[in-house]
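Working notes, structure below.
The values are calculated or read from the model by the stated rules, or taken from the named source; none is laboratory data. These figures come from a predicted structure and were not determined experimentally. Quick reminder, even Gly has a Cβ in these numbers, built from the backbone with ideal geometry, and neighbours come from all protein chains shown.
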Amino acid sequence: MDGSGDFVTQGLKGLSLTHSNYVEWRDVIEDYLESQGWGEYINKDIPKNATEDVRTKSAKIAVVLKTAAGSQRAYLLGLRSPKEILQKLEE
């Protein structure tokens, strides 16, 4: 890393989701999300009355997941919650 602290651009850059590496990809993603303190948001539905903080964290997680999904990102269009994104990628 270049010291910028932007792990998404630097650390996940070489991580590419394929049809054959989902388990490994998911393991790295979960470790990253835990390292950011976002682990508890991965499998939650985001309620309509969620706080601004919860909505912001959910959006950041969605960006990480979609970015790390690489060419699979096209299948995630319109999905907003981390739970929805991960469920779609598991299909």
Problem set entry | Lone qualifier among LYS88, LYS60 - being within 17 Å of ASP27 (Cα to Cα), at pLDDT 90 or above, among the charged types (D, E, K, R) and out of contact with any Gly (no Cβ under 8 Å at 6 or more places or on another chain) | LYS88
Problem set entry | From LYS88, LYS66, LYS60, residue being touching a residue at least 12 places away in the same chain (Cβ under 8 Å), assigned to a helix (DSSP H, G or I), out of contact with any helix residue (DSSP H, G or I) (no Cβ under 8 Å at 6 or more places or on another chain) and surrounded by 13 or more Cβ atoms within 10 Å (Cβ to Cβ) | LYS60
Problem set entry | Residues satisfying the stated conditions in region 75-85, i.e. surrounded by fewer than 17 Cβ atoms within 10 Å (Cβ to Cβ) and either out of contact with any helix residue (DSSP H, G or I) (no Cβ under 8 Å at 6 or more places or on another chain) or outside any helix (DSSP H, G or I) (or both) | LEU77, GLY78, ARG80, GLU84
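To keep it simple, each residue is scored yes or no on (1) under 12 Å from the mean Cα position of the chain (by Cα); (2) surrounded by fewer than 17 Cβ atoms within 10 Å (Cβ to Cβ); (3) in a helix (DSSP H, G or I).
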site	(1), (2), (3)
ASP27	yes, yes, yes
TYR32	yes, no, yes
PRO47	no, yes, no
ARG73	yes, yes, yes
For this session: Within region 34-42, identify whether any single residue is aliphatic (A, V, I, L, M), modelled with pLDDT under 90 and surrounded by fewer than 13 Cβ atoms within 10 Å (Cβ to Cβ), and answer yes or no.
Result: no
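Tally time: how many residues in region 16-25 are part of a helix (DSSP H, G or I), surrounded by 11 or more Cβ atoms within 10 Å (Cβ to Cβ) and not aromatic (Phe, Trp, Tyr)? Give the derivation first.
Filtering region 16-25 for residues part of a helix (DSSP H, G or I) gives 22-25.
Okay, now just the ones that are also surrounded by 11 or more Cβ atoms within 10 Å (Cβ to Cβ), so 22, 24-25.
Okay, now just the ones that are also not aromatic (Phe, Trp, Tyr), so 24.
Residues that pass the stated criteria total 1.
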